Amino acid sequence: MSERRKRPRRPALLAAMAAGVLAVAGCTGPSAESPGTDGGGGGGTDSQAPLDFAVITHGSEGDAFWNVVQNGAQDAGEDLGVEVSYLAEGDPAAQAVLIDNAVAQGKTGIVVSMANPDALQSSIEAAVRAGIPVITINSGGDRSVEFGAIAHVGQDEAIAGRAAGARLAQEGKTNILCVIHEAGNSGLNDRCDGAREGFGGAVENLQVDINDPTAVESRIAGALQANPTIDGVLTLNSQVADRAVAAAASAGSAAEVATFDLNSEVVASIQAGDIAFAVDQQQYQQGYLPIVMLKLYRENGNTLGGGQPVLTGPGFVDESNADAVAEYVENATR
């Protein structure tokens, strides 16, 4: 199990979360004996096999967002007495290899994010054929059932994008810069496309590389200087949001920054009035809930969602609730 910073735990909250999923799963969705629309084959796994789950994401090392997902998965493993290993690999081909390795190692459940579904399809389908239940998280939800996963947990990126775009329109913005920080990540394109639909005005995409923060700031500043009519910047990552705030200041732009996802700096910027809002997909649940769901599936044949994603967002964090959320962000659970 990966090492991580110890945080204050809230056993009552976590137990309630697990109990809530238990209650819903007990009366929702098809059983393992009757798979129906759950998206995966039912009942082919040994319910007595050790519960040893692998969580394999496309997160970048040191990314605060994925640290919270990891915390959720590992907290769930500790709470439920399940072995959980967490691995991350931003390169899609290398991520596929990690899935293949998990199958070869005899993992009895796999959780995987699908930023690039096509690159992972054969590996995920091989896991399903081996009788290993797979739950997809965060991205690629539209392909989850197709690949044989029993469920998807995450935020529908198009819905979230539309909500963000609509909110920017309500705030009177007329021209938005949407900053995409990972090339080939279909979910990020969905966010910008959704924002364009919800906004109803001009939305320009800007591609940057999250692994080069200095260049991120420079490119955003350059775009704002090149087009002074841009009055809103929508970033799709909390770390990029901080750079966008600095970029607007250096460019002498009055463009308002909004973002997807949280970290402590984003919350502080919301409290200070430098960021208008953050779209919160509550990624801790994307780590925690799949472990609960895999345990229930392995031990009781339960599924959730009936072939539809289990949504963890979108929600909004703004000046009205930032103070309350700050504590959870500091604990790396939001």
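The values are calculated or read from the model by the stated rules, or taken from the named source; none is laboratory data. Remember, predicted model here, so these are calculated numbers, not experimental data. When we count neighbours, we look across all protein chains shown, and the Cβ atoms used for this are built from the backbone with ideal geometry, even at glycine. The protein model used for the area step is the full one, side chains on, heavy atoms only, and it has no ligands, DNA or RNA in it. Shrake-Rupley method; radii C 1.70, N 1.55, O 1.52, S 1.80 Å.
A compact table of results
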| quantity | calculated |
| --- | --- |
| Qualifying positions in the range 82-93 - out of contact with any His (no Cβ under 9 Å at 6 or more places or on another chain) and either part of a loop (DSSP other than H, G, I, E, B) or open to solvent by 30 Å² or more (accessible area, probe 1.4 Å) (or both) | Val82, Glu83, Leu87, Ala93 |
| Set Thr312, Thr259: member being open to solvent by less than 20 Å² (accessible area, probe 1.4 Å), over 15 Å from Ser238 (Cβ atoms), of a type in the set (S, T, N, Q) and modelled with pLDDT of 95 or more | Thr312 |
| Test for Gln286: is it touching a residue at least 40 places away in the same chain (Cβ under 8 Å), under 23 Å from Lys173 (Cβ atoms) and open to solvent by less than 10 Å² (accessible area, probe 1.4 Å) | no |
| Options Gly40, Gly36, Gly44: the member that is modelled with pLDDT under 85, out of contact with any strand residue (DSSP E or B) (no Cβ under 6 Å at 6 or more places or on another chain), crowded, with 21+ Cβ neighbours inside 10 Å and not in a helix (DSSP H, G or I) | Gly40 |
| Within the range 184-221, tally of residues that are surrounded by fewer than 16 Cβ atoms within 10 Å (Cβ to Cβ), among the acidic types (Asp, Glu) and either part of a loop (DSSP other than H, G, I, E, B) or at pLDDT below 95 (or both) | 2 |
| Matching option when the condition is open to solvent by less than 10 Å² (accessible area, probe 1.4 Å) and in contact with a Phe, Trp or Tyr (Cβ under 7 Å, 6 or more places away or on another chain), among Leu177, Leu120, Leu168 | Leu168 |
| The range 58-72, subset assigned to a loop (DSSP other than H, G, I, E, B) and open to solvent by less than 30 Å² (accessible area, probe 1.4 Å), residue nearest to Asn263 (Cα to Cα) | Asp63 |
| Answer from Asp75, Asp79, Asp100, Asp52 - the residue that is surrounded by fewer than 21 Cβ atoms within 10 Å (Cβ to Cβ), modelled with pLDDT of 95 or more, closer than 19 Å to Gln282 by Cβ and not hydroxyl-bearing (Ser, Thr, Tyr) | Asp79 |
| Members of the range 144-165 found to be of a type in the set (Val, Ile, Thr) and either closer than 24 Å to Gly201 by Cα or open to solvent by 30 Å² or more (accessible area, probe 1.4 Å) (or both), listed by number | Val145, Ile159 |
| Every residue from the range 223-252 that is open to solvent by 30 Å² or more (accessible area, probe 1.4 Å), modelled with pLDDT of 95 or more and of a type outside the set (Val, Ile, Thr) | Gln225, Ala226, Asn227, Pro228, Asp231, Arg243, Ala246, Ala249, Ser250, Gly252 |
| Answer from Ile124, Ile132 - the residue that is part of a loop (DSSP other than H, G, I, E, B), touching a residue at least 12 places away in the same chain (Cβ under 8 Å), more than 30 Å from Asp212 (Cα to Cα) and among the hydrophobic types (A, V, I, L, M, F, W, C) | Ile132 |
| Every pair of residues 6+ apart whose Cβ atoms lie under 7 Å, when the first sits in the range 299-313 and is in contact (Cβ under 8 Å) with a residue 60 or more places away in the chain while the second is among the aromatic types (Phe, Trp, Tyr) | Thr303/Tyr297 |
| Matching option when the condition is touching a Pro at 6+ places or on another chain (Cβ under 8 Å), free of Cβ contacts under 8 Å to residues at least 60 places away in the same chain and either in a helix (DSSP H, G or I) or under 17 Å from Thr303 (Cβ atoms) (or both), among Ala119, Ala158 | Ala119 |
